[in-house]
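S.K.: Mind having a look at this structure? Questions to follow.
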């Protein structure tokens, strides 16, 4: 009996982890810290100062809590569609009742505001607005043609905006990096629309493939891929990004291959492959931040 209870408790924890996509939150948290150390924080700050910056820790914590809550509310509104598009994940997610998920959603948002209040009143306002826009996107904007894709991409990079405002770093190179990441995420959103076409069609989501068909959607993806290459080339040619330039060389090759595969793919399995290629580019980009300055080490700890 006790073993059965423990097993059910474990499955529910696994379900909640799936709902809040804990693996994504871990990657975002790591990305915020790496970006702070190698790109955003002033060179005068030691590694110790960045890692033990209480305000940065609270900003990252508030970001993680807000994003976790965002996944829950997004999952709540997408429940019907996910049964069609992601039957296995939907089955796992339903191990935790929706009422329980909503309680956790409000608790996470409350904790996010408490964490932000440690930093400043401006941080409280920022995260309050962030929470509102995540809810409004999930409730209203997600089904609106193109607007849903655009807003989702903007919301995805907002945690990094919070960090570079914290360090008051508005160098042009930061915006070029942000543009590259934004376009990659937007590209992923367009591919997800193709991947989820069946569920979107049945639940009346006004996406590009639903409204205009797969061919037009592929042209949009192709143009967006071309635009994504531009900030990558600019970073290689005009900015000192250390050995991270090899990441952008590799990404350029991969995105060209991606464009070819877009026109050769015609089924859900193929679109899932395209989606995973973009996820690989984004995740590997997080770890490639380490290449911006390979001299960071003992000398910067103190």
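S.K.: Given contacts defined as C-alpha pairs under 8 Å and at least six residues apart, what's the relative contact order of the chain, whole-number percent?
M.R.: Here the relative contact order equals 22 percent.
S.K.: Counting other C-beta atoms within 10 Å, which of 58, 129 has the fewest, and how do the rest follow?
M.R.: Final ranking by Cβ density, sparse to dense: 129, 58.
S.K.: Over the residues of region 144-183, compute the C-alpha Rg and express it relative to 2.2 N^0.38 Å.
M.R.: 1.28
S.K.: Also, I was wondering about something else. Which of 188, 21, 48, 94 comes first, and how do the rest follow, when ranked by fewest Cβ neighbours within 10 Å?
M.R.: The fewest-first ordering by Cβ neighbours comes to 48, 94, 21, 188.
S.K.: Using just the Cα positions, wrap region 117-216 in a convex hull and report its mean projected area in square nanometres, one decimal place.
M.R.: Orientation-averaged projected area of the Cα hull: 7.4 nm².
S.K.: When every alpha-carbon pair in region 171-302 is counted, what percent end up more than 21 Å apart?
M.R.: 45 percent
Where a number appears in this text, it was derived from the coordinates with a stated rule and is not lab data. Computed from a prediction, not measured in an experiment: that's the story for all the values here. Glycine gets a Cβ as well: all are built from the backbone with ideal geometry, and neighbour counts include every protein chain shown.
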